[in-house]
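Beneath this line is the structure, given in structure tokens, with notes to follow.
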């Protein structure tokens, strides 16, 4: 695992097409912005795992207002 330190408004680039930007740091929380091509799925881990379970028929994906991912432009 690569571990990096970044400050607000600094970013990292993955494979020339994905950029992750530190948008805000508030206490122990960090807000990240992700710029990626539309065809590249980007999910929080818990959402990704729920999708995987749903696709395997193990569980139904349910999200609440606080658990939804923001839409990309």
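Nothing in this text is a laboratory measurement; each read-out follows from the coordinates by a stated rule. Since the structure is predicted, the reported quantities are computational estimates derived from the model, not experimental observations. Virtual Cβ from ideal backbone geometry, glycine too; neighbours counted across all protein chains shown.
Quick look at the numbers
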{"item": "Region 11-64 shape via C-alpha gyration tensor axes, a/c threshold 1.5", "result": "oblate"}
{"item": "Contour minus Cα-Cα distance for residue 56 and residue 21 (0.36 nm per residue)", "result": "9.3 nm"}
{"item": "Per-pair calculated FRET efficiency, R0 = 25 Å: residue 36 and residue 2 via Cβ, rounded to 0.05", "result": "0.90"}
{"item": "Extension gain from residue 45 to residue 12, taking 0.36 nm per residue of separation minus the Cα-Cα distance", "result": "10.0 nm"}
